[in-house]
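Asker: Dropping the structure in here first, questions after.
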Amino acid sequence: MGPVKTFGIYSFPRSGSNWVRNLLYSLLAKPYLQNYVYDKDVQKIIEQNIPGHPNFDPESGQEFTTTQGKLKFFKSHSQAVVESYRGRRLDTRFYCYIMRHPLDVFLSYLNFLHHYRHELQWAYSIPLVSVDEHIETGSIEYFFGMFLAVGNISPGIDNAGSWWLSVEYWLRLKRDYDAFIFLLKYEDCVLDTERALQPLTNFIGNDCNLVEAIKWNNIMFPKDGGFFWRMERGYYKEVLPPRLIEQFEAVHGSKLKELGYNI
């Protein structure tokens, strides 16, 4: 049996990979044509309404027909291109990388730690409280300093490495293998989802309905203040103390400009 032909969805954590993965699934599987049940628990939605939904395991999801043949798709936060998974060789034909402003990523990740604090508190000596509480008590300084220095606030838990190295890696691959890599900017997806995802709909085929897929995805996975926290662009300007933003831009401003972000 040959290697699994796959489509890999990559991003740094909290950059929108679940949102894009769910949109891709809805484009391919057309669950909006079926009866569905909403639940506040994201995992229950997936179990009840999305059979064969792909996750980190490339062989977990259904095989879908695209304009480039039959593929399975999956997500990963690793910087490295996945060539194998648990000893099984993969044949990854196409990749999608989602990039999001690092300070929005930082806040979303901090909220994520609070949301899953019962599972993750063991790794931190600082209580995993809400973002507002971190700001009120000043404990955000510790997490911010970590993110400023290493580009991550849970380097011992996830396999994503640094936000900066992740972006640089995929930009380099895009330059070398342009036709095989879709680069999506989270901010573009929020501003105009249809326009941002048009290249992917062309890849999937003419029978997909992007409008219905977006509508279904917004119903099933709405902004919930938890896993899907804010789902906005540039909200770090509303939440973070200005002096922290200034500190971050003083260190990383030139690189942010190169990536197309205004400072």
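Asker: At a 1.4 Å probe, what is the % contribution of carbon and sulfur to the accessible area of region 193-263?
Answerer: Answer for region 193-263 is 45 percent, counting heavy atoms of protein chains only.
Asker: Starting with the highest mean, order 20-29, 108-117, 232-241 by the number of other Cβ atoms within 10 Å, averaged over the residues of each peptide.
Answerer: 20-29, 108-117, 232-241
Asker: Another question, then. Which order, highest average first, do 145-152, 121-128 follow once you tally other Cβ atoms within 10 Å for each residue and take the mean per peptide?
Answerer: Sorting 145-152, 121-128 by mean packing, highest first, produces 145-152, 121-128.
Asker: Now, a different point. With the Cα gyration tensor of region 89-133 giving a ≥ b ≥ c as the square roots of its eigenvalues, does the rule (a/c under 1.5 for rounded; else a/b larger than b/c for prolate; else oblate) give rounded, prolate or oblate?
Answerer: Taking the square roots of the gyration eigenvalues as a ≥ b ≥ c, region 89-133 is oblate.
Asker: Please find the FRET efficiency linking residue 150 to residue 224, where r is the Cβ-Cβ separation and R0 is fixed at 22 Å, and quote it to the nearest 0.05.
Answerer: 0.15
Asker: Sticking with this structure for a sec: Where only protein heavy atoms count, and the probe is 1.4 Å, what is the accessible area per residue for region 206-260 in Å²?
Answerer: Ligands and nucleic acids excluded, the figure is 54 Å² per residue.
Asker: Now a separate question. With a cut-off of 18 Å, note down the residues of region 130-170 whose backbone N falls inside the zone around a label point 7 Å from the Cα of residue 263 toward its beta carbon.
Answerer: 144-152, 163-168
Asker: Further question on the same structure: Given R₀ = 45 Å, FRET efficiency for residue 121-residue 180 by Cβ-Cβ distance, to 0.05?
Answerer: FRET efficiency, residue 121 to residue 180: 0.65.
Asker: Quote to one decimal, in nm, the extra length available between residue 190 and residue 237 on full extension: 0.36 nm per residue of separation minus the C-alpha distance between them.
Answerer: Extra length from residue 190 to residue 237 when fully extended: 15.3 nm.
Asker: Find the relative contact order for region 138-263 and round it to a whole percent, using C-alpha pairs within less than 8 Å whose residues are 6+ positions apart.
Answerer: Computed value for region 138-263: 13 percent relative contact order.
Asker: Another one. What is the extension gain from residue 63 to residue 202, computed as 0.36 nm multiplied by their sequence separation minus the C-alpha to C-alpha distance, in nm to one decimal?
Answerer: Residue separation times 0.36 nm, minus the Cα-Cα distance, leaves 48.3 nm.
Asker: In region 113-235, if the dipole is taken from +1 on Lys/Arg beta carbons and -1 on Asp/Glu beta carbons about the Cα centre, which of 129, 166, 142 is farthest to the positive end?
Answerer: 166
Asker: Here's another thing I want to ask about it. Treat every Asp and Glu Cβ in region 157-263 as -1 and every Lys and Arg Cβ as +1, leave all other atoms uncharged, and give the resulting dipole magnitude about the Cα centre to the nearest 20 debye.
Answerer: 220 debye
The values are calculated or read from the model by the stated rules, or taken from the named source; none is laboratory data. Please read all numbers here as calculations on a predicted model, not as lab measurements. Ideal geometry is used to build each Cβ from the backbone, glycine not excepted, and the neighbour counts take in all protein chains shown. Heavy atoms of the whole protein, side chains included, go into the accessibility calculation; ligands, DNA and RNA do not. Shrake-Rupley method; radii C 1.70, N 1.55, O 1.52, S 1.80 Å.
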